[in-house]
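Below: one structure, written as structure tokens.
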Amino acid sequence: MKTLKRIGVLTSGGDSPGMNACIRAVVRTGIYHGLKVFGIMSGYSGMIEGDVKPLSSVSVGNIIQRGGTILRSARSKEFMTKEGRAKAYETLQKNKIDALVVIGGNGTFMGADVFMKEYDFPIIGAPGTIDNDLYGTDMTIGFDTALNTVIEAIDKIRDTADSHNRLFFIEVMGRDAGFIALRSGIAGGAEEILIPETVTYIDELCEMLEESIKSNKQSGVIIVAEGDDAGGAIEVAHKMKDKFPNIDSRVTVLGHIQRGGSPSSFDRILASTMGYEAVNALMAGRHGEMIGIINKDVVYIPFEKAIKQHKMVRGEMLKMAKILST
């Protein structure tokens, strides 16, 4: 591998709180090693279009506390084509960029893996996604902040639920993974938690509701991951309303509020660590790997493994959620 002199950094896919902290760490660690660091705007789209700008230590000042990403993010269909990737490679060659740090989720690493193999180009990934669904790391950048946002919303909704004796169905993000729903449901004391990893039986949900009515429980909160097999919160609430027409129920879809906001201290430290370790990995000649942290130790997970291996929801946590909700 040739000596690194210039590296690029980009954010791709859905934004997550802490991405800016990771960018800051990449830039300042790179400068510490004597590298020139370039920001690639709007993910792989910017790499194709040549939207590249130099980053200095000053340019990443006062961003660690900001949500979103100063480099902006996008999903690029063109990068999925050979022609698109060829244009992206031309941009890197034109700017004499020797290696990349990519911050994002599953789709980001899929693109990085293909590109790296096609052009033998060094890339290291930092997992930035609120879904926490990437194999090979205990936590992804943004998950903790999103979780706290959801819990704050649940607490406020429960106040009004108790005041009006209502049943609330709260939909959280998680098209393919239920990590946000499960943890926020436990922390928020939800009566039921519906996630994509388990089958939802409406009849069982109705039995739970009947038991609650018998025990004179006046209000409740049901957390629904958007990818649950019974449908989102609106559909689940509609099915329940058909069976219990007299129950006063409401639906709240939290949506993209979960992606925004100032990152928690946990996410700032996690993102800073991952950005720092990503540059160190490139300097050590590593490539094609995602930075992960397992049991507080830094690990290096090949892109293929991070993409293809499925991160499982802990069965014991599901059992605990069920017991504590009764």
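The values are calculated or read from the model by the stated rules, or taken from the named source; none is laboratory data. Fair warning: this is a prediction, and the values are worked out from it, not measured in the lab. No Cβ is skipped: glycine too gets one built from the backbone with ideal geometry, and neighbour counts run over all protein chains shown. Keep in mind that these areas ignore ligands, DNA and RNA; they rest on the heavy atoms of the full protein, side chains included. Shrake-Rupley method; radii C 1.70, N 1.55, O 1.52, S 1.80 Å.
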- Task: Filter the chymotrypsin sites (Phe, Trp or Tyr not before Pro) in the stretch 147-204 down to the DSSP loop ones having no more than 11 other Cβ atoms within 10 Å, then list what survives.
- Result: Tyr201
- Query: How far, in nm, would the chain grow between Glu83 and Glu210 when pulled straight, counting 0.36 nm per residue and subtracting the alpha carbon separation?
  - Reply: 39.9 nm
- Tell me, what is the FRET efficiency for Lys319 and Ser59 to the nearest 0.05, using R0 = 35 angstrom and their Cβ-Cβ distance as r? 0.10
- Taking every DSSP beta bridge that has both residues in the chain, what percent is antiparallel when rounded to the nearest 5? 25 percent
- Message: Out of the trypsin sites (Lys or Arg not before Pro) in the stretch 129-185, which ones are loop residues according to DSSP with at most 13 other C-beta atoms within 10 Å?
- Response: Arg175
- Around Met139, which amide H atoms from residues at least 5 apart in sequence, or from another chain, sit under 5 Å from its own amide H, with H modelled in the peptide plane? Ile293
- Amide H neighbours of Thr69 under 5 Å, counting only residues 5+ apart in sequence or on other chains, H built in-plane at 1.01 Å? none
- Against the longest alpha carbon principal axis of the chain, how many degrees, from 0 to 90 and to the nearest 10, is the axis of helix 315-324 turned? 40 degrees
- Per-residue HN-Hα couplings for the stretch 170-177, Karplus 6.51 cos²θ - 1.76 cosθ + 1.60 at θ = phi - 60°, whole Hz, x for Gly and Pro? 10, 8, 10, 5, x, 5, 10, 9
- Query: Any idea what angle helix 143-164 forms with the longest principal axis of the chain, computed on alpha-carbon atoms, 0 to 90 degrees, nearest 10?
  - Reply: 20 degrees
- Item | Amide proton proximity set for Lys36, modelled H, under 5 Å, gap of 5+ | Arg6, Ile7
- Message: Run the reach check for Lys322 against aspartates and glutamates, Cα to Cα strictly under 12 Å, same-chain hits fewer than 8 apart removed. What comes back?
- Response: Glu191, Glu192
- Local charge sum around Arg175 (other residues, Cβ-Cβ under 9 Å, Lys/Arg +1, Asp/Glu -1)? -3
- Add +1 for every Lys or Arg and -1 for every Asp or Glu among the other residues with Cβ under 9 Å from the Cβ of Leu35, and state the total. +2
- Message: Between the stretch 160-228 and the stretch 65-103, how far is it from one alpha carbon centroid to the other, in angstrom?
- Response: 40 Å
- Item | Potential extension, His310-Gln93 segment - 0.36 nm per residue separation minus Cα distance | 74.6 nm
- Query: When the Karplus curve 6.51 cos²θ - 1.76 cosθ + 1.60 is applied with θ = phi - 60°, which whole-Hz ³J(HN,Hα) does each residue of the stretch 45-59 get, with x for Gly and Pro?
  - Reply: 4, x, 5, 6, 7, x, 8, 10, 9, x, 10, 10, 4, 5, 5
- Item | Nearest-ten-degree value, helix 19-32 long axis tilted from longest Cα axis of the chain | 20 degrees
- Can you tell me the Rg and the Dmax, both Å, for the Cα atoms in the stretch 18-101? 13.1, 38
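In the stretch 22-112, what percent of the accessible surface is made up of carbon and sulfur (1.4 Å probe, ligands and nucleic acids excluded)?
51 percent
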- Task: Determine ³J(HN,Hα), in whole Hz, for all residues of the stretch 131-141 in sequence, where each value follows from phi through the Karplus function 6.51 cos²θ - 1.76 cosθ + 1.60 and θ = phi - 60°; x replaces Gly and Pro.
- Result: 6, 6, 9, 8, 5, x, 8, 5, 9, 9, 5
- Item | Average accessible area per residue (Å²) across the chain - probe 1.4 Å, nucleic acids and ligands excluded | 46 Å²
- May I have the pair-distance distribution P(r) for the chain, computed from all Cα-Cα distances with 20 Å bins from 0 and rounded to whole percent? 32, 48, 19, 1
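Taking Cα pairs under 8 Å and at least six residues apart, what relative contact order does the chain come out at, in percent?
With pairs under 8 Å counted, the relative contact order is 23 percent.
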- Portion, in percent, of the accessible area of the stretch 141-253 that falls on carbon or sulfur, probe 1.4 Å: 45 percent
- Task: Would you compute, from DSSP H runs of 4+ residues alone, the mean residue ellipticity of the chain at 222 nm, taking -39500 (n - 2.57) per run and dividing by the full residue count, rounded to the nearest 500?
- Result: -13500 deg cm²/dmol
